1. Hey, fewest Cβ within 10 Å first, where do 111, 134, 248 land in order?
2. I need the fraction of alpha carbon pairs in segment 1-126 separated by more than 20 Å, rounded to a whole percent.
3. Over segment 74-162, what is the relative contact order in whole percent, taking alpha-carbon pairs under 8 Å and six or more residues apart?
4. Would you work out the Kirkwood radius for segment 149-190? I mean one over the mean of 1/r across all pairs of different Cα atoms, in Å.
5. For segment 178-199 and segment 244-268, what is the centre-to-centre distance using only Cα atoms, to the nearest Å?
6. Could you give the length gained on full extension between residue 221 and residue 87, defined as 0.36 nm per residue of separation minus the Cα-Cα distance, in nm?
7. Grab the Cα-Cα distance for residue 33 and residue 237, subtract it from 0.36 nm times how many residues apart they are, and report the gain in nm with one decimal.
8. In the chain, what percentage of the DSSP-assigned beta bridges are antiparallel, given to the nearest 5?
């Protein structure tokens, strides 16, 4: 079932500038089947923006995007507001594809005084550089909030993709896009009837050892999943159209049993364990008919 009438993609270079655990580029063909029509007449909300795959695919003229990860939202803000400075920073010799440079840059957050002196542009450049040169494109921090992924040993990582950064900058500046760094519930407080809300939270783990919430020291356990369900119910009562992605676990299936649940197969390419990459079962939960 195709629903291509919901969008007109104006620029194919508007796409994620970071690799992100749980990113939706691989699942987009399935998601787009269920995106409601006429979303451009309303506000698009995405309170767990991550890499922004769906946002950049749809390119809505009015959107509210949010994430609890402060470093991530800073990257969006810097690309929107200070792109020339970011280009200049990423062009410096210290951002080289070497193990020495990588660990020197990675370890900045282990010295609070050094990290505190970094500008917002330098913080964004650091995250983009680490994301493109670290092992398997993971963004992961330890319990102290320190980036802890090892060097990736890629031959030619493109951490200064000027065409993509310029296109994202133009999209963010030529449309009504609000960026925020707050709790997901607060991020959708103003959503109203007809608005489309896409929820892509950290997934419910499929096993006791499968949990991957390491990109945010706050974590996201089943209490948070249950709180998100209450937000889903509240948005439904307001007349919003809501879609959520999550893992296909008994807990999620039971939690959302009163809604439409579409089971889909997704490709997962980011996992510290190579044996766990590949096709996995996921669900799309909808509160509207397609």
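Throughout, read-outs are computed from the coordinates displayed, never taken from laboratory work. Computed from a predicted model, the values in this text were never measured in an experiment. Because the Cβ atoms are built from the backbone with ideal geometry, glycine has one as well, and the counts that use them run over all protein chains shown.
1. Placing the least packed residue first, the sequence is 111, 248, 134.
2. 54 percent
3. 34 percent
4. Evaluated on segment 149-190, it is 13.8 Å.
5. One Cα centre to the other: 21 Å.
6. Going from the current span to full extension adds 44.5 nm.
7. 71.1 nm
8. On the way: 16 of 30 bridges.
So the antiparallel bridges in the chain amount to around 55 percent.
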